[in-house]
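See structure below.
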Amino acid sequence: MPALTRPQHQSVAYLWQDKTKTILSTYDKQTGSKKNLLTFSENASVAANVSPDGHWIIVTQLTRGVGNAIKLVRIDGAYAQTLYCSASDNLLSSVLLSPNQHSLVFSESSNPILANPQFTLKRLDMATGKIQTLLSSLQPGYPGIQTLPQALGGTATQASSQQSQANIHAYSQLFMPQPGPPPVLGYLALKWASNSSLYLQSTSLVLSGGGIPPHDLYQLLDINKPVEQQSSNLKSLTAPLKQTNCDSYDITADNTQLICSGGPLYGDPRRPAVRVEAVSGQSLHTVFTASPDDQVFARAARDHTILFTVNNVKTNVAQFYQINTDGSALKLLASAKASEYTFESYTKSGDNSYLPWTNVSRDGKYYALISTTNYINSLVIGKMNGGSSNPNKIATNLQLRIVGWTAA
């Protein structure tokens, strides 16, 4: 498709619902004007994120009874192209363009209600259109079949059969209302470590016994290796931590530090916090501690800056902060009563808040955030240098998602 030649103003793209249809729109920060780029078919589930160069929007469209597809839309709305369609009703999720925009990765999985669900992590060569399988649940030695949660320490490949059975029982006791084996896992792309390496998060394809698996973070070291070598090419970044109170992980832009955030889980006595450790492996150190009634979620911004939300479940006060990874320069950016702040409304198609340009503008001057009050979502924009703690409300809708900031 033709590249963007005419300069554009820096804008934030977002998805919103008009009755039964989802609409992709942009808000021009300079002029304050809004533009609808694309209206999707009725009852379609849509997720989207912005390309690394800020000129394209990658759309995942799931339409029941019609099919699921990945599309590329230019930020001025002038061009749109379908890149991939899934077989049958296979679900597509976590679609990301590489930093050089030569590769597009995505997850494809069969319907979880079917017997023997299948999972594949794929790569699309943007120049040739060739599809390469990176991970597949059908491959021998697929790591997601027997992976055990990080809280128990170790993996099934490192344990004897006897130890595995003990771990399965422990897993059932910790995370499931009824005993059962660990769930089959898939791997969702969170962000690129380089043009040939990916950060992945494990997700359950089938929950055995009705339990919810913990979050585990991995790195696929080299996407250029053949699929039969990828099982040994998958490195766990969070298993050495041996803890259960991280609801969410992220990696700093320079790939050197891991960020852990969340609230106490499963009776963990530690208070909600933002914690940081070197990716190379050290102990976590706390840079921010919240009250026991807070839920804390953090994302890596540019350089060594962390953005995080603090939502108090008792008072319903929402706060939005930034802090450096060494714990310095804590700053309150926004606060609201009877509200909840979120980076992005997660759907089954993925979570794009791990991309640094989803919530922070390309020039680093502004942030975008979802504020929810009485089940109504609002897109709000504020200044990164602080100032007013009341950001500007740009759009309001029952269903509203941030896509990301485009480039000027």
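I need the peptides 8-14, 192-198 ranked by packing, meaning the mean over residues of other C-beta atoms within 10 angstrom, with the highest value on top.
So the order, starting with the most tightly packed, is 8-14, 192-198.
If each Cα of segment 1-75 is one equal point scatterer, what is log10 of I(q)/I(0) from the Debye formula at q = 0.18 Å⁻¹? Log-scaled intensity ratios, in q order: -0.75.
Kindly state, to the nearest 0.05, the FRET efficiency for Ser45 paired with Ala3, given R0 = 30 Å and r defined as their beta-carbon distance. List each step's numbers first, then the result.
Numbers: r = 29 Å, r/R0 = 0.98.
Efficiency computed from Cβ-Cβ geometry: 0.55.
Ranked for footprinting exposure by Cβ neighbours inside 10 Å, fewest first, Glu228, Glu108, Glu277 give Glu228, Glu277, Glu108.
Among Ser232, Ser25, Ser280, the order by Cβ neighbours within 10 angstrom, fewest to most, reads Ser280, Ser232, Ser25. The order of the peptides 295-307, 84-96 by mean Cβ neighbours within 10 Å, most packed first, is 295-307, 84-96.
Taking Lys and Arg as +1 and Asp and Glu as -1, the other residues whose beta-carbon sits under 15 Å from that of Leu83 total +3. With the simple spin-label model, which puts each label point 7 Å out from Cα in the Cβ direction, the Lys34 to Asp18 separation comes to 1.0 nm. The aspartates and glutamates whose alpha-carbon is closer than 16 Å to the alpha-carbon of Lys191, local same-chain residues fewer than 8 away aside, are Asp53, Asp216, Asp222, Asp250, Asp254, Asp303, Glu344, Asp351.
Cross-link partners for Lys19 among the aspartates and glutamates, with Cα-Cα distance under 15 Å and sequence neighbours closer than 8 places in the same chain left out: Glu42.
Taken along the Cα-to-beta-carbon direction at a fixed 7 Å, the label points for Ser328 and Thr63 span 5.3 nm. Taking the Cβ of Asn374 as the center, what net charge do the other residues with Cβ under 13 Å away carry, scoring Lys and Arg +1 and Asp and Glu -1? Once all neighbours under 13 Å are counted, the net charge is 0. Here Trp357, Trp16 are placed in order of increasing Cβ neighbour count within 10 Å, fewest first, which gives Trp16, Trp357. Could you tally the net charge around Asn316, taking each other residue with its Cβ under 14 Å from the Cβ of Asn316, Lys/Arg +1 and Asp/Glu -1? Net of charged neighbours comes to -1. Placing dummy labels 7 Å off each Cα toward the beta-carbon, the span from Asn255 to Asp293 is 4.3 nm. For the pair Ile131 and Asn195, a Förster radius of 25 Å applied to the C-beta separation gives a FRET efficiency near 0.90, rounded to the nearest 0.05. Beyond 20 Å, what percent of the Cα pairs of segment 286-408 remain? Above the 20 Å cut-off, segment 286-408 has 39 percent of its Cα pairs. Relative to the current alpha-carbon distance between Arg271 and Gln81, full extension at 0.36 nm per residue lengthens the span by 63.7 nm.
All of the numbers you see were taken from the coordinates with simple rules; none came from a lab. Remember, it's a predicted structure, so these values are computed and weren't measured experimentally. Every residue, glycine among them, receives a Cβ derived from its backbone with ideal geometry; neighbour counts consider all protein chains shown.
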